[in-house]
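Remarks on the structure that follows.
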Amino acid sequence: MTLEAPASAAPTLEKRRGRLRHLAKTAGLETQLAVVGLSGISVHVLDDNFFQPEPGSSAADHLISGLVPFAVLAGAAISYRWLRPGLRATIALVLGVLGIVIGGSEAAYYAPKEGLSGDDYTGLVAVAGGVLLLGLAAATLWRTRRRDDGIAWRYPRRVLLGVAGALAAFFLIFPFALSFGFTHIARTTTARGNLGAPYMTVAFDASDGLRLEGWFVPSKNGATVIVFPGKRGTQKHARLLVRHGYGVLVFDRRGEGESEGDPNALGWGFDRDLKGALTFLRSRGDVDPNRIGGLGLSVGGEALLQTAAETTHLKAVVSEGAGARSAREDTVHVSLKKVPELVVSGVMTAGTALFSNRLPPPNLKNLTGKISPTPVFFIYAEQGAGGEDNNPDYYQAAREPKQIWKITTSHTHGLSARPKEYERRVIGFFDRTLLADRKSQ
């Protein structure tokens, strides 16, 4: 017995094949140009992650941040010819914007300070590829725009598409691109500073082996405080402590200045820097290991809270301006009006995880409950940065001894806004926690 396919099946199959051939033919030159643009971005992705990684890191440290974007770019290049014009234009638009960001952000930041170097040159190739993709997207959208629909629906439809595109750009593309900058741009070298006393240049290893560079002022009162993060923005606080006889250690966090590793503006991995700093201080004969405290600003305060929850080597912590490091802290307060913020935070967290090759750090609210018996002092501003209004929640989760202070100022400007009160409160806290028994003798 012979079974024959319905007569209508062959024409339908042939129609689909004909449509695919037509799409491939009309997309020929466009596809070639798209492949050129995508290849330019791919070259920089591979160069940035595998051929010229940051000092102290290797290609093995960048498997996710290198292979995942490369796979997306390669997949777009392979499938581009067979996609509908609208989808081709969308892909070209999105990847074009990301290509410009990925290629140009580092070059634009570092070139005026240090000149072009390393993977900045392939970054310029990625920028050119991104510009080419944007041009293709515009041309494709214009060439394939619909003109066979009614006027009454044509323009409202275009307005709706424009609004949808703007929302996607704000909630998806912008935070994702921002996460790339967070993991690739950091302060450059701080040549010299003013810590209120002569300092010595020191170097030590983070707990994961990265080499970190810093400055150290020996103690006069027997206690030492790590002021974190960085050498530049912490100098005023370091001088305050030095005036009262405290030893001070400031150092460039990973990926910043002369320190090795990849930068991370959200502070992911900074607990490893602090654990290395504690090991370094405890190994010195001029430092009392039972009198080491920490004063952290912004992401430095967040990292100190995590470190204090994970080790007993910190004997007192002042955290000023701690906020949200990822979507985990942004969910401390959830409400309907906060949904847009949570979407942006979620995309930014995912992007940071991708480009940093690491998972987000633990929720600070959960961590603060593990700090006790280390004394902790929370300071936060009324006009603070993102997530800074979580400090009362962090304080509530922490156990004694603890204290909290809300200042009518902006993010980490407590010392500038209320210098006398700041000095009295912070120095008083360290005196009670690090010097109490010494002063009673």
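A few points about this structure:
- Cross-link partners of Lys406 among aspartates and glutamates (Cα-Cα below 20 Å; sequence separation of 8 or more within a chain): Glu302, Glu320, Glu329, Asp330, Glu382, Glu388, Asp389, Asp393, Glu421, Glu423
- Under a Gaussian network description of the chain, with springs only between Cα atoms under 10 Å, the residue in Ser57, Ser298, Ser283 that fluctuates furthest is Ser283.
- Springs join every pair of Cα atoms under 10 Å in this Gaussian network model of the chain, and among Ala177, Ala77, Ala353 the largest mean-square fluctuation is at Ala77.
- Taking every DSSP bridge with both residues inside the chain, close to 30 percent are antiparallel.
- Acute angle (nearest 10 degrees) that the helix 339-356 long axis makes with the longest principal axis of the chain, alpha-carbon atoms: 90 degrees
- Summed over the residues of segment 66-205 and divided among them, the accessible surface reaches 54 Å² per residue at a probe radius of 1.4 Å.
- Shape category assigned to segment 322-379 from the gyration tensor of Cα positions, a/c cut at 1.5: oblate
- Taking 0.36 nm per residue of sequence separation and removing the Cα-Cα distance, the Ser58/Thr144 pair yields an extension gain of 26.4 nm.
- Rounded to the nearest 10 degrees, the inclination of helix 28-46 to the longest alpha-carbon principal axis of the chain is 20 degrees.
- Using alpha-carbon coordinates, inclination of helix 151-168 to the longest axis of the chain, degrees: 30 degrees
- Separation of the Ile404 and Thr312 label points, Cα + 7 Å toward Cβ, nm: 2.7 nm
- Residues considered: Gly351, Gly66, Gly135. Largest GNM mean-square fluctuation over the chain, using C-alpha springs under 10 Å, is found at Gly135.
- Carbon and sulfur %, accessible surface of the chain computed with the full protein complex present, 1.4 Å: 61 percent
- Once the Cα gyration tensor of segment 260-325 is diagonalised, semi-axes √(5λ) in Å: 21, 14, 9
- Put a dot 7 Å past the Cα of Leu67, heading toward its Cβ, do the same for Val343, and the two dots end up 3.2 nm apart.
- Distance violations [Cα-Cα > 18 Å] among Lys365/Lys402; Lys236/Lys275; Lys275/Lys402; Lys315/Lys370; Lys236/Lys420: Lys236/Lys275; Lys275/Lys402
- Distant-in-sequence amide H partners of Val225 (H built 1.01 Å from N, under 5 Å): Gly247, Val248, Leu249, Gly293
- Annotation: amide H-H contacts under 5 Å for Ala381 (H modelled 1.01 Å from N, sequence separation of 5 or more, or interchain): Gly321, Ile407, Thr412.
- Per principal axis, descending, Cα span of segment 29-78 in whole Å: 43, 15, 8
- Based on Cα contacts under 8 Å between residues 6+ apart, the chain shows a relative contact order of 12 percent.
- Model label sites at Thr189 and Thr201, defined 7 Å from Cα along the beta-carbon direction, differ in position by 0.8 nm.
- If R0 equals 35 Å, the separation of the Cβ atoms of Leu167 and Lys370 corresponds to a calculated FRET efficiency of about 0.30.
- Residue-by-residue Karplus 3J(HN,Hα) for segment 63-70, coefficients 6.51, -1.76, 1.60, Hz, glycine and proline x: 4, 6, 5, x, 6, 5, x, 4
- Segment 380-441: C-alpha pair distances exceeding 13 Å, %: 68 percent
- Cα centroid separation, segment 248-298 to segment 26-101 (Å): 36 Å
- If you look at the Cα atoms of the chain, you get an Rg and a Dmax of 27.2, 108 Å.
- The trypsin sites (Lys or Arg not before Pro) of segment 122-214 meeting both criteria, a DSSP state outside H, G, I, E and B (loop) and at most 10 other C-beta atoms within 10 angstrom of the site's C-beta, are Arg146, Arg147, Arg192.
- Percentage relative contact order, segment 149-267, counting C-alpha pairs under 8 Å, at least six apart: 27 percent
The values are calculated or read from the model by the stated rules, or taken from the named source; none is laboratory data. Nothing here was measured: the structure is a model prediction, and the numbers come from that model. We place every Cβ from the backbone using ideal geometry, glycine too, and count neighbours over all the protein chains shown. Side chains included, ligands, DNA and RNA excluded: accessible areas come from the protein's heavy atoms. Shrake-Rupley method; radii C 1.70, N 1.55, O 1.52, S 1.80 Å.
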